[in-house]
Each structure stands twice: as C-alpha cells, then as structure tokens.
1. Determine, for each peptide in 109-115, 169-175, the mean count of other beta carbons within 10 angstrom over its residues, then list the peptides with the highest first.
2. Taking the Cα-to-Cβ direction at R30 and at E95 and moving 7 Å from each Cα, how far apart do the two end points lie in nm?
3. If you wrap a convex hull around the Cα atoms of the chain, how much volume per residue is inside, in Å³?
4. Percent antiparallel among DSSP beta bridges with both residues in the chain, to the nearest 5?
5. Tell me, what is the percent relative contact order of the chain, built from C-alpha pairs under 8 Å that lie six or more residues apart?
6. Express the relative contact order of segment 53-136 as a whole percentage, based on alpha carbon pairs under 8 Å and six or more residues apart in sequence.
7. For the chain, how many pairs of lysine residues have a Cα-Cα distance under 18 Å, where the two are 8 or more positions apart or belong to different chains?
Amino acid sequence: MTARAVKYASAKAIKVKLTGELELDLARVRSIRRRAPRRLVGRRCQPGSIRSASCRRWSADCCEQRVLLLEQPLPRGREADLQGFESLIPIAADESVLSLEELPRAVGRFDVVNIKLDKCGGLTEGLMMAEEARRLGLEVMVGTMIGTSLATAPAFILAQQCSIVDLDGPTFLVKDRSPAVVYRDGDLFAGDDVWGAASAVAA
C-alpha cells in the first residue's frame with residue numbers, strides 16, 4: 001500500500017481503505033504517512049463496537065497521523081452505534097446515507113455525507129441532498145463509482161457545492177473514453193469537449 005501511495009506523487013489527498021485489523025491498519029497508516037506526507041482519508045468498515053478500547057485507540061492514532069477523515073467506520077445498518085460517539089476526526093457517511101430521505105439518520109452520528117450520483121439516483125437527487133445536508137449542519141462530499149469521464153461529468157456540478165471532492169473513478173479504467181477528463185497536479189479538469197463548460201475542481 002505504501003509503494004502504491006508513493007506513486008501518486010501529484011495527488012493532494014490519498015484515501016486508504018483499511019481492514020478493521022487494528023495493528024495492521026495502524027502499521028499501514030504510519031508507513032504511508034512516512035513515505036507520502038499528504039492528506040490522508042481513512043475508510044474502515046469495523047464489524048465490532050465503535051466504542052471499544054481498540055477503536056478509540058485507532059481513532060487517536062489516526063488523529064496523531066493527521067488523518068483528516070474517517071469514512072464509513074461501521075457497516076450500513078449500524079448507524080445508531082455512532083450516536084453520541086465523540087470522534088477525534090470527522091466521520092463521513094457513505095453507504096449509510098444513500099438518498100434524501102435517509103439524511104436525518106446522519107444527524108448526531110456523522111459530520112460529513114458522501115453523495116454519489118450512481119447511488120442516490122442522479123444529479124437532481126444529489127443536489128437536493130447537498131442542500132438538505134447543509135441545512136442539517138453536515139458537510140458535503142461528492143464521490144463516484146468506477147466509470148468513464150462522461151459518467152463522472154455530472155458530479156462536477158455537485159462538486160461546486162462540496163468541501164470534499166473524490167472523483168477518481170475514471171483513473172481505475174484500463175481505457176477511458178476520448179476525450180477524457182484530465183488529472184493534473186491534484187486537480188481534475190473537464191473541458192468543453194468532455195461535457196459542459198470547462199471547469200476545474202480539487203481532486
């Protein structure tokens with residue numbers, strides 16, 4: 001994982017997907033932090049209790065390693081376990097909040113909501129979710145599934161309203177469509193030839 005992280009020299013942030021095995025997760029985070037000193041986001045699905053001593057230690061260690069966000073720490077359906085939990089770093093909901101009607105379950109449990117247009121039903125729903133999330137006092141993040149530049153392009157509109165942007169789906173394809181979005185120096189650019197007006201958002 002560290003070797004792969006080092007390859008993303010121009011990235012402004014790296015998302016680290018972890019296992020739930022405490023010592024292994026901590027070793028990975030520390031190693032990546034030493035070799036790739038940029039913003040880190042941790043994603044960890046932990047089947048046990050969020051209030052356990054090991055989870056509290058994990059949260060404290062990630063804080064020490066300057067991890068900026070913990071995404072989806074528990075599986076969908078376990079949101080109530082986060083009620084009142086005082087995390088040292090912000091917690092983001094991904095699978096836990098998939099639609100506008102599910103947003104209220106995030107209050108008091110999450111700090112950020114990750115909106116993915118593929119999951120919520122499209123751009124209209126995503127924009128309504130962003131507006132309602134902010135009304136509820138939540139930060140808004142936009143993410144994407146693996147897809148082409150054209151599939152990712154509508155999320156650019158939502159990204160203008162988000163404090164965290166994670167639109168790296170096209171980078172996982174063996175071959176993207178042409179013309180494609182361009183990733184340069186940690187930013188993502190979509191020109192007129194890709195879709196809509198030329199724009200840039202932080203990646």
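1. Values: 109-115: 23.3, 169-175: 12.9.
Per-residue Cβ counts within 10 Å, averaged per peptide and sorted highest first, yield 109-115, 169-175.
2. Output for this residue pair reads 2.9 nm.
3. Numbers: hull volume 22.6 nm³, N = 203.
Hull volume normalised by residue count: 111 Å³.
4. Numbers: 7 of 28 bridges.
In the chain, DSSP labels about 25 percent of beta bridges as antiparallel.
5. Working: 372 pairs, mean separation 27.9, N = 203.
It rounds to 14 percent for the chain.
6. Values: 103 pairs, mean separation 20.9, N = 84.
Value for segment 53-136: 25 percent.
7. Working: K7/K15; K7/K17; K15/K116; K17/K116.
Close lysine pairs under the 18 Å cut-off: 4.
No lab work stands behind these numbers, since they all come straight from the coordinates. All figures in this text were calculated on a predicted structure; none of them were measured in a lab. Ideal geometry is used to build each Cβ from the backbone, glycine not excepted, and the neighbour counts take in all protein chains shown.
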